[in-house]
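Data first, discussion second: the structure below is written as structure tokens.
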Amino acid sequence: MVETKLYIDGSWVDGVDGESFSTVDPATGEEIAAVVRAGRVDADRAVAAARRAFDTGPWPTTPPRERAAVLRRIAAAIRADAEELARLESRDAGKLLTDATEDVAEAAEIFDYYAGLAVSEGGEIPPSGPDAVTLVVSEPVGVAALITPWNFPLLMAAQKVAPALAAGCTTILKPAEQAPLSSLELARIAAEAGLPPGVLNVLTGFGPEAGAPLVEDPRVDAVSFTGSEAVGRIIGRTAAETFKRVTLELGGKSPNVVFADADFDAAMEGSAFGVFFHQGQVCSAGSRVLVERSIYDEAVEALCARAAEIRLGHPADPEVSMGPLISAEHRAKVNSYLEHGRADGAHLAYMGRLPTDPDLAGGFYFPPVIFTDVDNTMKIAREEIFGPVMAVIPFTDEEEAVALANDTTYGLAAAVWTSDVKRAVRVSRAIRAGVVWVNDSQPAPVEAPWGGFKASGIGRELGRHGLRAYQETKQIYLNLD
Ligand code: ADP
Ligand code: MG
């Protein structure tokens, strides 16, 4: 069984007030484990440990090559435990086992990637005269609080922990209360890989109790948060009080633009995947499918046919293509958009069926849904649903497509389907989003920056940008005269 205590300063410890909470299996609604419900005092201890590990070392001053070696050992250990980790992640977060398996592989890749950057990203020497030399160097920003969501628990943890460690920061990881187990496993793996005590602390618990104290604490230098817009706003505001470095990866209502000149089958497959992948519980989900009018009817038919192929069921069943939503509360929220769609006059073109297996009766299943004839002003076109609900919106020409794509408060991602390379570039440049896919949906290579414009957030993760989020820049001016 996995650890269910807090990991603070290199030890597994109980919470100070002895409280716990259940993490459940969304596929059945059954409890998997009781996990420590950390509070303010526990957060204080974790911050103290991270602070000490930063201020007295050795991690921030450990030679990058040695830090890289630890990261590589973490990657190797993740790979060695991959099957076990994928099963745990699948169970705790209701992810298809096949998807969880990919997440685990990618988490390992992220640690390897940042091991590489730790030893290859140097500083600068700006031009100067003969009497001076200026060195521009990067230093770790300090203690980083890493707050993650439940949809990709291990992957999001890796995406924050790996660059933070590569930069020489010390960290407190606060996983989402719905799926905390893989983050506890990561702590075990990191310790076994030789990460010194206090460098990675894991605090399980609820946001306002275990997360908020980290954001308020003046001893924390940086916060990286992935989650809802509402909590992102609170975190940004709170972090400003102590001038923390902030990275926010928030919601989206991403446009998926299908032009008539696109490879039709590829566009339909990608559009369906873009919104139904992981039950739509993906910040970059292509939840607004914009379709050129000349192919609109054909596209609606094809999208409904694809949705009809989706089989709901237990996430570990290899025949199944859609698992449960994360929780009963979340299902109720997603369900409320069925009413909004109808009330606003959208046409419910498709709704799938729930699994009939009695063993799954306690799970939080929700069927794929397609609304057509959606107007971009409707609630289902404006608000992030975070469920398998597609809104299909017709457009007449490229200009209208771009206007609709940008008519959103968000700006995380967009997909553009066309065979015209000039149009692909034109539209990609015109869309105000941090990630644009051409003739694809959802790839997120480790080497490229990920993050949003507008209300989708601040800053970037992954790639070189992901490392910079954890680095301060310093100039050292040497007078040679
Ligand atoms: P979701 O709505 O998808 O559950 P949230 O934004 O509520 O997303 O949660 C994302 C992460 O933020 C979780 O780890 C959660 O515990 C944490 N969190 C929630 N509220 C706060 C808060 N006030 N301060 C810090 N962290 C929070
Ligand atoms: Mg769970």
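Taken together, the values in this text are just the output of simple stated rules run on the coordinates, not laboratory data. All figures in this text were calculated on a predicted structure; none of them were measured in a lab. Backbone-built Cβ (ideal geometry, glycine too); neighbour counts: all protein chains shown.
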Legend entry - Leading residue by the ranking (surrounded by the most Cβ atoms within 10 Å (Cβ to Cβ)) among those in segment 222-238 that are touching a residue at least 12 places away in the same chain (Cβ under 8 Å) and more than 10 Å from ligand 1 (Cβ to nearest atom): SER224
Inset, instruction - Would you tally the residues in segment 110-125 being in contact (Cβ under 8 Å) with a residue 40 or more places away in the chain and surrounded by fewer than 18 Cβ atoms within 10 Å (Cβ to Cβ)? - result: 3
Legend entry - Selection count, segment 203-221, where residues are of a type outside the set (Ser, Thr, Tyr), touching a Ser or Thr at 6+ places or on another chain (Cβ under 9 Å) and within 12 Å of ligand 1 (Cβ to nearest atom): 6
Legend entry - Qualifying residue in segment 84-94 (condition: more than 14 Å from ligand 2 (Cβ to nearest atom), out of contact with any strand residue (DSSP E or B) (no Cβ under 9 Å at 6 or more places or on another chain) and within 22 Å of ALA145 (Cα to Cα)): no
Legend entry - Residue list for segment 311-337, filter: surrounded by 19 or more Cβ atoms within 10 Å (Cβ to Cβ), among the hydrophobic types (A, V, I, L, M, F, W, C) and away from ligand 1 (no atom under 16 Å from the Cβ): LEU312, MET322
Inset, instruction - Of all residues in segment 162-188, count the ones that are within 15 Å of LEU71 (Cα to Cα), in contact with a strand residue (DSSP E or B) (Cβ under 6 Å, 6 or more places away or on another chain) and not polar (S, T, N, Q). - result: 5
Inset, instruction - Enumerate the pairs (first residue in segment 200-221 and at positive phi; second residue anywhere and within 7 Å of ligand 1 (Cβ to nearest atom)) with beta-carbon separation below 8 Å, excluding pairs fewer than 6 apart on the same chain, so at least 6 apart or on different chains. - result: GLY205/LYS174; GLY205/GLU177; GLY205/GLY211
Inset, instruction - All but one of (1) within 28 Å of VAL223 (Cβ to Cβ); (2) surrounded by fewer than 18 Cβ atoms within 10 Å (Cβ to Cβ) hold for ALA305, so report the exception by its number. - result: (1)
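Could you pull out every one of the helices (runs of 4 or more DSSP H) wholly within segment 52-160 that has 3 or more residues that are under 21 Å from the mean Cα position of the chain (by Cα) and within 16 Å of ligand 1 (Cβ to nearest atom)?
Result: 82-93.
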Inset, instruction - Within segment 322-342, count every residue that is within 14 Å of ligand 2 (Cβ to nearest atom) and of a type outside the set (D, E, K, R). - result: 7
